[in-house]
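Step one of this worksheet: look at the structure below.
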Amino acid sequence: MDLFEYQGKQYFARFGIPVPAGGVADSVEEAVAAAGAAGYPVVVKAQVQVGGRGKAGGVKLARDAGEVALHAGAILGLDIKGHVVRRLWVEHATDIAEEYYASFTLDRGARAHLAMVSSRGGVEIETVAAEDPSAIARLHIDPAAGFSEQQATSLVEQGGLPEAARAGAVDILQRLFRCYDEGDADLVEINPLVLTADGRVHALDAKVTLDDNAAFRHPEWDGFRDIDELDERERLARSKGLQYVGLDGVVGIIANGAGLAMSTCDVVNQVGGSPANFLDIGGGANAEVMANALEVINSDPKVKAIFINIFGGITRGEEVAKGIVTALERVDIAAPIVIRLDGTNAEEGREMLRGVESDALISRPTMLDAARTAVALAGTSPATGGSAR
Ligand code: GDP
Ligand code: MN
């Protein structure tokens, strides 16, 4: 789960990482009230889960209530890289002397945590990595050994932070590691970490990704879930208990099981197509579930063909087929559907589908056949040499 900046700062504060005082606002009036509480001057910041808000006009300095109202009005509703701003964070402005970068993340390849520190903050770290990789100090951390003050000190020195910022940065790095480790995050990033004109170091931005696998031991994370960040289709899917992820392509995918849904995306790609989504209907494939899944996919105008890929396990093939047929009676589907049904009682299921087959409902015996057919119907060029089974 990705946190918004204001949530990330709340999480940071729990581990004693200094952040400016501020408040959340969903309207111009609330922004003015939050500014008064934080103390002028303030910074009005768009809360969207995408970087580069500053450049996009989503971060503005305000010296009085009039300026807060002006900026809050302009930022609320602003579209930043496809994310519409619905919430603001208004905090006491910082008089910045210098901007740095600090993060911890998981390096799966190295089976270790990776710490990164740089004196070049405030710009995207990818840009620094491309232009001047030596400006980023990196250190792998053995998860069993933990992160020591000594390691923090050497990172801060290697990252090129000046003497004035070192003690503050070393303290914050140690707290940031605890936030990452005990806080069960996959990523914690401060960009920029700033040295203020009066010599303090604090976090001006917060990017936190929590590890969903640890949610069971963090009941307090429920407060972070914000359905508003989901798009309309994701919300519809979630309300129906389906796992849906929207993608950019034209082939809608329905599969039972996350593994099969992922494989289906891969096979569609392999034969030259592009998945419009990932939709896992879970173990059951009854009419209700299937109708819900088709309804979600049908609401996506990008979808030019639908590929239903079901492997019957406990759910038998004829039940799946019955579910599909009943669902089609309930939902008026715009795109042609290609079905691959396999597993327990697959032949009985296919027999049922044969009775209702048409140009708009095609059954194919294998995943690869079905993928090719769906991709062809969607109007993209099938690849010549797919090798999926
Ligand atoms: P991002 O663009 O989405 O990463 O948003 P940030 O929160 O990192 O803000 C972008 C930039 O705005 C920072 O790098 C700062 O240069 C500037 N900025 C943000 N808050 C303040 C502030 O309180 N005072 C000043 N002077 N600049 C700020
Ligand atoms: Mn930033």
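What to note about this one:
- Positive-end residue of 102, 270, 56, charge dipole of the chain with Cβ unit charges: 270
- Considering only 255, 370, 145, the Gaussian network model of the chain with Cα springs below 10 Å gives its largest mean-square fluctuation to 145.
- Between helix 258-270 and the chain: long-axis angle, C-alpha atoms, 0 to 90°, nearest 10: 80
- Gyration tensor (Cα) of the range 230-377, equivalent ellipsoid semi-axes in angstrom: 20, 17, 14
- A cut-off under 12 angstrom between Cβ atoms defines the neighbours of residue 21, and their net charge, with Lys, Arg +1 and Asp, Glu -1, is 0.
- Restricting attention to the chain, the count of lysine pairs at 8 or more positions apart or across chains with alpha carbons under 27 Å apart stands at 20.
- Placing +1 on the Cβ of every Lys and Arg and -1 on the Cβ of every Asp and Glu, with no other charges, gives the chain a dipole of roughly 520 debye about its Cα centre.
- The chain: most fluctuating residue of 88, 353, 173 per GNM, C-alpha cutoff 10 Å: 353
- Around the Cα centre of the range 13-162, unit charges on the Cβ atoms of Lys, Arg, Asp and Glu (plus for the first two, minus for the last two) sum to a dipole of about 400 debye.
- Per residue, the accessible area of the chain comes to 45 Å² when a 1.4 Å probe rolls over the protein heavy atoms.
- With all protein chains in place and a 1.4 Å probe, the accessible surface of the chain carries 50 percent carbon and sulfur.
- Accessible surface ranking that places the most exposed of 364, 233 first, with a 1.4 angstrom probe: 364, 233
- Placing 209, 366 in order of accessible area, with the largest value first and a 1.4 Å probe, yields 366, 209.
- Which of 259, 152, 339, positive extreme of dipole for the chain (C-beta unit charges): 339
- Hydrodynamic analysis of the range 33-157 uses the Kirkwood radius over alpha carbon pairs. Inserted into Stokes-Einstein at 20 °C and 1.002 mPa s, it gives a translational diffusion coefficient of 126 µm²/s.
- Relative to the longest principal axis of the Cα atoms of the chain, helix 5-14 runs at roughly 60 degrees.
- Degrees between helix 287-298 axis and first principal axis of the chain (Cα, 0 to 90, nearest 10): 60
- Comparing 261, 25, 203 in a Gaussian network model of the chain (Cα springs below 10 Å), the most mobile by mean-square fluctuation is 261.
- Average Cα contact separation per residue, the chain, under 8 Å, 6 or more apart, as relative contact order %: 12
- Close amide H contacts of residue 337 (hydrogens built in the peptide plane, cut-off under 5 Å, sequence separation of 5 or more or a different chain): 306, 361, 362.
- Rounded to the nearest 500, the helix-only mean residue ellipticity at 222 nm of the chain stands at -10500 deg cm²/dmol, with each DSSP H run of n ≥ 4 adding -39,500 (n - 2.57).
- Proportion of all alpha-carbon pairs of the range 150-306 beyond 29 Å (%): 44
- Ordering 201, 298, 10 by the projection of their Cα atoms onto the charge dipole of the chain, which places +1 on the Cβ of Lys and Arg and -1 on the Cβ of Asp and Glu, puts 298 at the extreme positive end.
- Taking only the alpha carbons of the chain, we obtain Rg and Dmax values of 25.5, 78 Å in that order.
The values are calculated or read from the model by the stated rules, or taken from the named source; none is laboratory data. Bear in mind the structure is a predicted one, so any value in this text is a computation, not a measurement. Note that each Cβ is placed from the backbone with ideal geometry, even for glycine, and that neighbours are counted across all protein chains shown. All accessible areas refer to the heavy atoms of the entire protein, side chains included, with ligands and DNA or RNA removed. Shrake-Rupley method; radii C 1.70, N 1.55, O 1.52, S 1.80 Å.
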